[in-house]
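Worksheet for the structure shown next.
No lab work stands behind these numbers, since they all come straight from the coordinates. Small disclaimer: the values here were computed from a predicted structure and weren't measured. Backbone-built Cβ (ideal geometry, glycine too); neighbour counts: all protein chains shown.
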Ligand code: GLU
């Protein structure tokens, strides 16, 4: 006669758990009841490969979206995953045209009833700009999570698979809805508006220096912090529908001995906006201010931001913005200010109206 000891019973129950989980997620029609997540891949280090192990050098975008999905078999416990390769680039090559293409793909995917959220794999170099752009033009409250990695897929201790897993865990979490575009790296969840890349090589490169992180992950568990204060996604006035280009906006980095030649040249080239990554609180040399004042008179929108990496660049502190016709970036660094100014210029050329956007978004 066979007997079942308490310990073997426990073992049998544990062994049955995966089967039970599968039964739970398959409904009567045989369709999975797990959330449906679309992964849009754009390249980056997360898809990068070294020529040989231990190489510091690698080629971004060597693996395609299916490779990324197949590298993390446990994703199937979190969601039904579909993938799409949008572009295959290192994010240093990101440009306005790809942003418009990507934003349209994100909106199209989120409009589908069989898509509950979107993950975008992307290089970390320009992740902050892409995520902020999408944060302003995505017309849905469904979760959008951007995921990258600092180590290529072939590296020892590659961080991409864990980031992808946690990204899907975030995108399928009920708390992600309505938070705007999120960025997941190194077990940290950031708001697109708040992040900046602060270190060229380390895993904890992303920081949200002004308002802090959106939350944390721990082996797929998700912990949320305060919601984002600024307006985003379905509550913005911006849209990429029917748009095939963005107004040209250039950034100039302020420094000791800054001249105005390049500012004058940009105006001659017909730029619609100039963002200054100013010293301190958005300052620059007197001669650069003179150049920008002339640019304003010729109809160019001028935004002052700070090269310090955090803090507020406010109006009328050391420079009289009211008199000069300048716009203050408030909390945005130069690369984020460029994104908002480009989108703002699709709506208005009025300085006061543009300034208002920097308080709102
Ligand atoms: N240049 C690469 C990129 O942005 C490296 C950064 C990364 O992906 O981590 O695509």
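Output the peptides 199-205, 282-288 sorted from most to least packed, where packing is the average of other Cβ atoms within 10 Å over each peptide's residues. Let's see the in-between values first.
Values: 199-205: 12.0, 282-288: 19.1.
Going by the mean number of other Cβ atoms within 10 Å, highest first, we get 282-288, 199-205.
Compare the peptides 186-198, 339-351, 99-111 by average per-residue count of other Cβ atoms within 10 angstrom and give them in order, highest first. Walk me through the numbers on the way to the answer.
Values: 186-198: 22.7, 339-351: 19.8, 99-111: 18.2.
Taking the mean over residues of other Cβ atoms within 10 Å, the ranking is 186-198, 339-351, 99-111.
Go ahead and set up a Gaussian network model of the chain, Cα springs under 10 Å, then flag whichever of 98, 222, 144 fluctuates most.
It is 98.
What order, most packed first, do the peptides 207-216, 247-256 have when packing is the mean number of other Cβ atoms within 10 Å of each residue?
Order by mean packing, descending: 207-216, 247-256.
On alpha carbon coordinates alone, what is the Rg over Rh value for the stretch 204-345, Rh being the Kirkwood radius?
Using only Cα positions, Rg/Rh for the stretch 204-345 is 1.04.
Calculate, in nm to one decimal, what residue 257 and residue 286 gain on full extension: separation in residues at 0.36 nm each, minus their alpha carbon distance.
On the way: separation 29, 0.36 × 29 = 10.44 nm, distance 0.98 nm.
The span from residue 257 to residue 286 would gain 9.5 nm if fully extended.
Quick one: divide the alpha-carbon radius of gyration of the stretch 50-101 by 2.2 N^0.38 Å and tell me what you get.
Here the answer is 1.44, to two decimals.
By how many degrees, between 0 and 90 and to the nearest 10, does the Cα long axis of helix 96-111 differ from the longest principal axis of the chain?
Around 40 degrees separate the two axes.
With n ≥ 4 as the cut-off for DSSP H runs, can you work out [θ] at 222 nm for the chain, using -39500 (n - 2.57) per run divided by the number of residues, rounded to the nearest 500?
One gets -9500 deg cm²/dmol as the mean residue ellipticity at 222 nm.
Past the 25 angstrom mark, what percentage of all C-alpha to C-alpha distances in the stretch 40-150 do you count?
20 percent
Please list, short to long, the whole-number percent of alpha-carbon pairs of the chain in consecutive 20 angstrom bins beginning at zero.
28, 51, 17, 3, 1
Alpha carbon centre of the stretch 309-343 versus the stretch 34-91: separation in Å?
Result: 36 Å between the Cα centres.
Hey, how many Å between the Cα centroid of the stretch 189-208 and the Cα centroid of the stretch 138-179?
Here the two parts' Cα centres lie 14 Å apart.
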